[in-house]
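The values are calculated or read from the model by the stated rules, or taken from the named source; none is laboratory data. In this text, all values refer to a predicted model and were calculated from it rather than measured experimentally. We place every Cβ from the backbone using ideal geometry, glycine too, and count neighbours over all the protein chains shown.
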Amino acid sequence: MSTPENTVSRRAPPEGAKQDLGRLGVFVESAQSSLGKGADALASVEKLHNRTLGARVWSWRYIILRRVSQFGFLLLFFGTAHWGWQVAKKVPLLTGNLSASKFIGLIPLTDPFAALQIFLTGHALQQQSLIGAAIVLGIYLLIGGRVFCAWVCPVNVVTDGAAWLRNKLGIQPIFHLPRTLRYFILVAALLITVITGLAAFEWVSPIGMAHREIIFGLGLGFTALLAIFLFDLLILKNGWCGHLCPLGAFYSLIGKTALLRVRFDKNTCTRCGECARVCPEPQVLNLKKLDERGYVFSGECSNCGRCTPICPEGSLKFDFKPLIRGHNVQADAIAVQRRTR
Amino acid sequence: MSDQGPSGLNSSRRDFLVKMAQGAAIAGTGGLLWGYLLRNEARAAPYALRPPGALAEDDFNAACIKCGQCVNDCPPHILKLQPSGGTLPIGMPFYTPRTGACIMCPDIPCMKACPTGALSPKLKNINDSRMGLAVIDIENCLSYKGLRCEICHRVCPLKGKAISLEPHPRQISKHAMFIPLVHSDACTGCGICEKACPTEVAAIRILPHKLVQGKIGEHYRLGWTFDTEITQDFKPVEAAPAPAADAPVPKTAPGMDYLNEGGL
C-alpha cells in the first residue's frame, strides 16, 4: 500500500506552517550532513531533548514492563507459597523458586546453570529437573539468554536502581575491571563445584539468597542485595550484573544464537551515542560491527529495551533475526532512493 | 642498545609469565576463599533434620537445588528453607520437631515434589524413612521419675514398634515404672513425640542418627543370637505338636530317665 514513493508524494504538498517548518528542518539537517556526522548527531540529541512528555513516558514502556515482569514472577512464587494460589483444586500455580519450579503442577522449570552445577557434583539428576532445564534453555535460546537478567532476575531491580542513582549523583569510578571477568568466575564456579562436590554458585549466590528469602522466609539475604547496591553505586558501575555475575555470564553464552534481537539500521543512525549512554552493557553497541551484522549480536545484550525507545532516529528496534536481513535490505533500498532523488 | 634487543624479547616473555602468575594467584586465592566459604557453610549439615527420603549428608548437600518445592507441598507446613546467616547450611529444607513435626503422609508429597532426587524416590513407604532418631533424656523424662506419662508412646505413629513401654518393677512400696524405649529399627524421626513431650524442654527429642547412634562393631559375637555347634544343644526344644486327645499319656516325660536308662 504505502510504498516510499507514496508517502513522499502525500507529504509533498505543503499543508500548513508546521509542515513547512518540518520540511525546513529536514532541509537543514540534510545540509548539515554534508558538513559532518557531528551535526546529525547533535540534531538527534536535540530531538531527544525536545520530546513531548507523552513521548518521554512512552519511552519508559520497557522499563515498566520489565518491572511488572520481575515483580510478577516474584508475586507468582510468593502467592503460591503463602496464599495458596492455584489454578484448580490442588493444582498450585507456580511452586518453588527460580532455581527450580513447577508451573500449574505440570511443567517443570529448572535453572539450567544450577542443574549443570548439580550435575558436576556427580549427582545424577532426576528426569524432572532435566526436562525443566531443557525447557528453560529452549526459551532462552529463542529470546536471548540474558532476557533472564533484564526481565526475571530480582537483583536487576537493585542494580538498575544503583545505576540510576549513580548516574544522578555523577559518581566517578574508583577502578575498572574487565567485563570478561564474569566468564572466569563462571569457569571458577564450575571447577570449584567439581572439586568440592557442592554447587559452588548456588551456595553463595546473592540472587538465590534474596529471591529464596523473599519467598520462603527472611534471613540475611537482603544484606547481599545491599552489598550489591553499594558496590554498584559507589565502586563499580554495573559492577555485579556487568562484571561479576557468573549466572549472567552463563546466560550470555546461551544467548549467542538467540532469535529475538535489537535490529540496527545503519542508514538512519546518526551516531549520536544516546543508546550506548543508557545501555548497561555498552560494549554490545559497537556500531562499526553492528553495521556489518545489522543487529546487536552479542550474547551480553539482555534485550532490556533501554536503547530502542531512546534512539531518536528509531534505528534500533526489536526484531527476529530471520527477518532482520530483509528489513535492513528494505531500509537500504529506501536510503538509496532518498539519495538518488 | 646491545642488550636492549635480547632483553626486550626476554622482558616481554617475562612480562607474560608474570601476568600468567598473577592471574593464577588471583584465581588461586579467589578459589580457595570460595571453597573455604562452601566448606564452612556445609559444616553444619550434620545437625540438620531433613525431610523424608533425604540422601546421606554429602549427597544431599550436592543434590539439593534449594527450590523449596518440598516446602510448598508439605501439608502441615513444617518444612523451612534455611535463610542465609542461620545455623544450618544455606537454602536447604529442614524441620524443627518441637514446633512442627512430620505427620508422615503416606503419599510423601515432599519427596514427590523434589525435582533433583535429593529426596530420593527410592523411599516407597513413609515408615521406612529415617529422618532422625528419638533420644530420651532419662534425667528429665517424667516416666523415669515414676510418673505415668507415656505421652510419647501414645502419640507415636509406630506405637509399640518405634517406642515401646517397658514396665520396671520397683520396691514393694512404689508402683512400677513404665518407661519408654526407642527402637532405632522402626523410629522414623518424625518428631511427633518431641512435639508432644510435656516437659518444659522436651525430654525426648529427634537428633540425626550420626550424632547419637553408636555401632557395636563386627568383632562382638553375641552367641545367643545365632546358632553355633555348641549353642544349638542348649536351645529350648521347638514346641512339639500338641498330642492327640486320645493318645496315651507317656509314663514319664522323655529324657527324665536319661541317667537311669544308661544313657551316660
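Can you confirm whether B:Leu81 is outside the structural domain of B:Glu200 (by TED's automatic domain parsing) and touching a Pro at 6+ places or on another chain (Cβ under 9 Å)?
Criteria met by B:Leu81.
One residue is enough: does segment A:73-85 have a residue meeting the conditions touching a residue at least 12 places away in the same chain (Cβ under 8 Å), farther than 23 Å from A:Phe318 by Cβ and under 21 Å from the mean Cα position of the chain (by Cα)?
Yes, segment A:73-85 contains at least one residue that is touching a residue at least 12 places away in the same chain (Cβ under 8 Å), farther than 23 Å from A:Phe318 by Cβ and under 21 Å from the mean Cα position of the chain (by Cα).
Does segment A:64-80 contain any residue that is more than 25 Å from A:Cys149 (Cβ to Cβ) and within 11 Å of chain B (Cβ to nearest Cβ)?
Checked segment A:64-80: no residue is more than 25 Å from A:Cys149 (Cβ to Cβ) and within 11 Å of chain B (Cβ to nearest Cβ).
Go through the residues of segment B:145-158 one by one and say whether even a single one is touching a strand residue (DSSP E or B) at 6+ places or on another chain (Cβ under 8 Å), part of a helix (DSSP H, G or I) and within 27 Å of A:Gly96 (Cβ to Cβ).
The answer is no, given that none of the residues of segment B:145-158 is touching a strand residue (DSSP E or B) at 6+ places or on another chain (Cβ under 8 Å), part of a helix (DSSP H, G or I) and within 27 Å of A:Gly96 (Cβ to Cβ).
Assess whether B:Val18 counts as being within 11 Å of chain A (Cβ to nearest Cβ) and β-branched (Val, Ile, Thr).
Judged against the criteria, B:Val18 is not a match.
Which residue pairs have Cβ atoms under 6 Å apart, sit 6 or more places apart or on different chains, and have a first residue in segment A:107-128 that is outside the structural domain of A:Ala188 (by TED's automatic domain parsing) and a second that is buried (at least 19 other Cβ atoms within 10 Å of the Cβ) and not in a loop (DSSP other than H, G, I, E, B)?
The qualifying pairs do not exist here.
Return the total of residues in segment A:298-341 being assigned to a strand (DSSP E or B) and either over 20 Å from A:Gln283 (Cβ atoms) or touching a Pro at 6+ places or on another chain (Cβ under 7 Å) (or both).
Count: 3.
Can you tell me which residue among B:Pro115, B:Pro121, B:Pro106, B:Pro75 is under 30 Å from A:Val91 (Cα atoms), loosely packed, with under 15 Cβ neighbours inside 10 Å and facing chain A (nearest Cβ under 9 Å)?
The conditions single out B:Pro121.
In this structure, does A:Ala249 turn out to be within 9 Å of chain B (Cβ to nearest Cβ), within 23 Å of the chain's Cα centre (by Cα), assigned to a helix (DSSP H, G or I) and crowded, with 22+ Cβ neighbours inside 10 Å?
Against the criterion (within 9 Å of chain B (Cβ to nearest Cβ), within 23 Å of the chain's Cα centre (by Cα), assigned to a helix (DSSP H, G or I) and crowded, with 22+ Cβ neighbours inside 10 Å), A:Ala249 does not qualify.
Which one of B:Leu181, B:Leu211, B:Leu259 is outside any helix (DSSP H, G or I) and at pLDDT 75 or above?
B:Leu181
Enumerate the helices (runs of 4 or more DSSP H) found wholly within segment B:1-74, keeping only those where 2 or more residues are outside the structural domain of B:Pro89 (by TED's automatic domain parsing), over 25 Å from A:Leu190 (Cα atoms) and at pLDDT 90 or above.
B:4-42
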